[in-house]
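Visitor: Let me begin by handing over the structure; questions about it come next.
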Amino acid sequence: IGDRNRTYTVRIACLKVAPSDEDAALILLRSELKRGRNVNLRPVGSDDGTLLARVILIDNQKDIGQSLFQAGLATLSC
């Protein structure tokens, strides 16, 4: 995720994606997080320099982690 002059590596907090579901999860993420789409990052911590955060779309308040979970592409881990 990036802003005008920085790029952040973000891992969605409290989710685990099975290796068999990674491709479908990436397709969902790319469809929801298109370039120029505004998001709100709600940090919950960091892991080895990677931000752990909830990712919320600003325009409709959709939680991306919940979208992955509801689509059956991820499990909750905390």
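Visitor: Counting only residues that are assigned to a loop (DSSP other than H, G, I, E, B) and either over 16 Å from A13 (Cβ atoms) or out of contact with any strand residue (DSSP E or B) (no Cβ under 8 Å at 6 or more places or on another chain) (or both), how many does the stretch 24-47 have?
Guide: Adding up the residues that qualify gives 5.
Visitor: Checking the condition in contact with a strand residue (DSSP E or B) (Cβ under 8 Å, 6 or more places away or on another chain) and in contact (Cβ under 8 Å) with a residue 60 or more places away in the chain, which residue from T50, T75 passes?
Guide: T75
Visitor: Further question: Looking at this structure, is A53 among the hydrophobic types (A, V, I, L, M, F, W, C), surrounded by 10 or more Cβ atoms within 10 Å (Cβ to Cβ) and in a helix (DSSP H, G or I)?
Guide: In short, no.
Visitor: How many of the residues making up the stretch 22-50 are loosely packed, with under 11 Cβ neighbours inside 10 Å and under 22 Å from R4 (Cα atoms)?
Guide: Within the stretch 22-50, residues that are loosely packed, with under 11 Cβ neighbours inside 10 Å and under 22 Å from R4 (Cα atoms) number 7.
Visitor: Within the stretch 56-75, how many residues turn out to be assigned to a strand (DSSP E or B) and open to solvent by less than 60 Å² (accessible area, probe 1.4 Å)?
Guide: 3
Visitor: I'd like to check something: does the stretch 22-39 contain any residue that is touching a residue at least 24 places away in the same chain (Cβ under 8 Å), closer than 21 Å to G72 by Cβ and among the basic types (K, R)?
Guide: Within the stretch 22-39 (the criterion being touching a residue at least 24 places away in the same chain (Cβ under 8 Å), closer than 21 Å to G72 by Cβ and among the basic types (K, R)), the answer is no, since none of the residues qualifies.
The values are calculated or read from the model by the stated rules, or taken from the named source; none is laboratory data. Because the structure is a prediction, the values reported are computed rather than measured. FYI the Cβ positions are ideal-geometry reconstructions off the backbone, even for glycines, and counts take in every protein chain you see. Please note that ligands, DNA and RNA were not included when accessible areas were found on the heavy atoms of the full protein model with its side chains. Shrake-Rupley method; radii C 1.70, N 1.55, O 1.52, S 1.80 Å.
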